[in-house]
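**Q** Once you've had a glance at the structure underneath, I'll fire off some questions.
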Amino acid sequence: MAACERTADSGRDSILEPLSFPELGAGSPSTPSVVQYPSDELLVCLFCSESVPLLQKDTLLRHLLLEHKLVIADIKLIANLPRYLVYWKGRFLEQPVPDFCSVIKTNSTGPVEKQEDYFLLCDVLPEDRILRERLQQKRLEEVLEQQQKERDDCYFHRLCLFCSEECTGNRACLLNHMAREHSFSIGLPDNIVYCNEFLDMLQYKLDNLQCLYCEKIFRDKSTLKDHMRKKAHRRINANNHVYDRFYVINYLELGKTWEEVQSEDDRELVDVEDDDWSDWEAHPVSAVCLFCDHQSETMDQIYTHMKDSHGFDLHNLKMELNLSFYQQVKLVNYIRRQIHQSRCYGCQKKFDSRADMMDHVISEGHVMKLPETSTWDQPQYYFPTYENDALLCTLSDSNDDEDNEPCHNEDIPVIAEDISDLKVLKQNSVLNQLLKNRGCFRKDDA
């Protein structure tokens, strides 16, 4: 969820979407959203007369957060954002916002005048979930209707992207020609929608001397052709999610991309008896330092790095302050947030850059300085600053170490399980004494 904090220098800082640490060896584009095709529709504010074009979506989201303290969850998965906003604008006129939204109170343990309520609109609410599903269904119907029109179109006319061949009749004629003559395939014709727009986009890239696969720009057409031929780049990059809107499979299920749908189909074809995990290799989870970009594959290494390189001892802080697991989570998220916003987490001073902030932290000795507990022990810091922060997965409760320590109380006797002199044990056993006493009683009776 987005979070907002006030600063004396810049007014308000906001994080509208979850941050992520870069993964080792990552080179693919970010996770795709629900496909959205260009539109002239306006996005309207849910509370006032503010409106922006669809392409300026972030501007409206920032406005909702800063001016109205509202956050819309998983906005990338909304199939038709303009209609979604119009619907909730009408509902908010009928009933109060807290009737629909989760309320998150910031600075809950502080003075009342410093507390603020933020509203989260998400699909946990059944009404919101149903609305999202209906918009997705409507979008799918529109796409299938458009696809059918293109399949039935007999007046298609277009030049080949790679030669002067003129293809007429149906789009399948051109797509099959490029696949057969130029080994360039963008998929089966029946799987594609908005075909003309797709081809326009590819033509635009080629006209601008841009490789369709690696997106590099070249100085002339000859160099581009040689590059695409030698590097086998006469194809589109499946990881470029700009192309997702041209494939029907991306509209089938809410929140699922073609990769997820395809993987489900593949799993149904796998014979259970042939499952073989012998070649499976686990990829180590790398934790990132709080202060720099250093990553370590083990937690001991990252703790040692932060202590030796930056003088920050997280384990010592946990023991001194007797922090619970959830307090450790909030502390780590708080420090991550402040450093991301170039603010000293010890004195709250704001800087123009992260480097200036780190110089201040070191020179002023604020590495191990924490503000009052009420500053960072707040509900908003339950939410991770970086959604793939592996450091959070390694935190442990403060009582865990104590539970693992052996008890060294000398007053408690310890009875050994292995006794070598069994004869002595039998002679001195309680059972033996009882038998002797019973024999004495019988003699007395006689």
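The values are calculated or read from the model by the stated rules, or taken from the named source; none is laboratory data. Please read these numbers as outputs of a predicted model, since none were measured by experiment. Cβ placement follows ideal geometry from the backbone for every residue including glycine, while neighbour counts extend to all protein chains displayed. Ligands, DNA and RNA are stripped out before the accessible areas are found, and what is left, the full protein with its side chains, is counted by its heavy atoms. Shrake-Rupley method; radii C 1.70, N 1.55, O 1.52, S 1.80 Å.
**Q** Filter segment 78-127 down to residues that are surrounded by 15 or more Cβ atoms within 10 Å (Cβ to Cβ) and farther than 15 Å from Q380 by Cβ, then give me how many there are.
**A** Result for segment 78-127: 20.
**Q** Among the residues of segment 170-210, write down those that are among the aromatic types (F, W, Y) and crowded, with 17+ Cβ neighbours inside 10 Å.
**A** Taking segment 170-210 as the starting set, the residues that turn out to be among the aromatic types (F, W, Y) are 184, 194, 198, 204.
Across segment 170-210, the qualifying residues are F184, Y194, F198.
**Q** Could you give me the residue pairs with C-beta distances under 8 Å whose first residue belongs to segment 104-126 and is over 19 Å from L81 (Cβ atoms) and polar (S, T, N, Q), whose second residue is open to solvent by 60 Å² or more (accessible area, probe 1.4 Å) and outside any strand (DSSP E or B) wherever it lies, and which are 6+ apart or on separate chains?
**A** Hits for this filter: N107/K114.
**Q** Still on this structure, I have one more. Pick from C154, C167: which is crowded, with 17+ Cβ neighbours inside 10 Å, at pLDDT 90 or above and more than 26 Å from the chain's Cα centre (by Cα)?
**A** Exactly one residue qualifies, and that residue is C167.
**Q** If you take just the strands (runs of 3 or more DSSP E) that sit entirely in segment 19-101, which of them hold at least 3 residues that are modelled with pLDDT under 90, aliphatic (A, V, I, L, M) and within 26 Å of the chain's Cα centre (by Cα)?
**A** Here the list is empty.
**Q** I'm checking my understanding of the structure. Among residues of segment 354-370 that are farther than 25 Å from G110 by Cα and not in a helix (DSSP H, G or I), which one is least open to solvent (accessible area, probe 1.4 Å)? Lay out the reasoning, then the answer.
**A** First, pick out the residues of segment 354-370 that are farther than 25 Å from G110 by Cα: 354-365.
The next check asks that each one be not in a helix (DSSP H, G or I); those that pass are 364-365.
Working: E364: 107, G365: 54 Å².
So, considering only residues that are farther than 25 Å from G110 by Cα and not in a helix (DSSP H, G or I), the one least open to solvent (accessible area, probe 1.4 Å) is G365.
**Q** Here's another thing I want to ask about it. More than 30 Å from L65 (Cβ to Cβ) and β-branched (V, I, T), is that true of V124?
**A** For V124, the condition - more than 30 Å from L65 (Cβ to Cβ) and β-branched (V, I, T) - is not met.
**Q** Consider K230 against the criteria (1) within 26 Å of the chain's Cα centre (by Cα); (2) open to solvent by 70 Å² or more (accessible area, probe 1.4 Å); (3) at pLDDT 60 or above; (4) farther than 30 Å from I362 by Cα: it satisfies all of them except one. Which criterion is unmet?
**A** Among (1) within 26 Å of the chain's Cα centre (by Cα); (2) open to solvent by 70 Å² or more (accessible area, probe 1.4 Å); (3) at pLDDT 60 or above; (4) farther than 30 Å from I362 by Cα, the lone unmet condition for K230 is (1).
**Q** On to the next question. Suppose we keep only residues that are of a type in the set (A, V, I, L, M, F, W, C) and assigned to a loop (DSSP other than H, G, I, E, B) within segment 193-221. Which one would you say is farthest from R171 (Cα to Cα)?
**A** F218
Per-residue answers, yes or no, for (1) touching a Phe, Trp or Tyr at 6+ places or on another chain (Cβ under 7 Å); (2) basic (K, R); (3) closer than 30 Å to Q136 by Cβ; (4) modelled with pLDDT under 90:
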position: N240; (1), (2), (3), (4): no, no, yes, yes
position: Y247; (1), (2), (3), (4): yes, no, yes, yes
position: N250; (1), (2), (3), (4): yes, no, yes, yes
position: L254; (1), (2), (3), (4): no, no, yes, yes
position: S263; (1), (2), (3), (4): no, no, yes, yes
position: D266; (1), (2), (3), (4): no, no, yes, yes
position: A287; (1), (2), (3), (4): no, no, no, yes
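**Q** May I pose another question? Kindly indicate whether M319 is open to solvent by 30 Å² or more (accessible area, probe 1.4 Å) and either assigned to a helix (DSSP H, G or I) or not basic (K, R) (or both).
**A** Yes: the conditions hold for M319.
Residue-wise test of (1) aromatic (F, W, Y); (2) open to solvent by less than 30 Å² (accessible area, probe 1.4 Å).
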| position | (1), (2) |
| --- | --- |
| F312 | yes, yes |
| Q328 | no, yes |
| H340 | no, no |
| Y345 | yes, yes |
| D352 | no, no |
| E372 | no, no |
| D377 | no, no |
| A390 | no, yes |
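Here's the yes/no breakdown for (1) within 30 Å of C195 (Cβ to Cβ); (2) in contact (Cβ under 8 Å) with a residue 40 or more places away in the chain:
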residue: K69; (1), (2): no, yes
residue: N80; (1), (2): yes, yes
residue: R83; (1), (2): yes, yes
residue: I130; (1), (2): no, no
residue: V143; (1), (2): yes, yes
residue: R151; (1), (2): yes, no
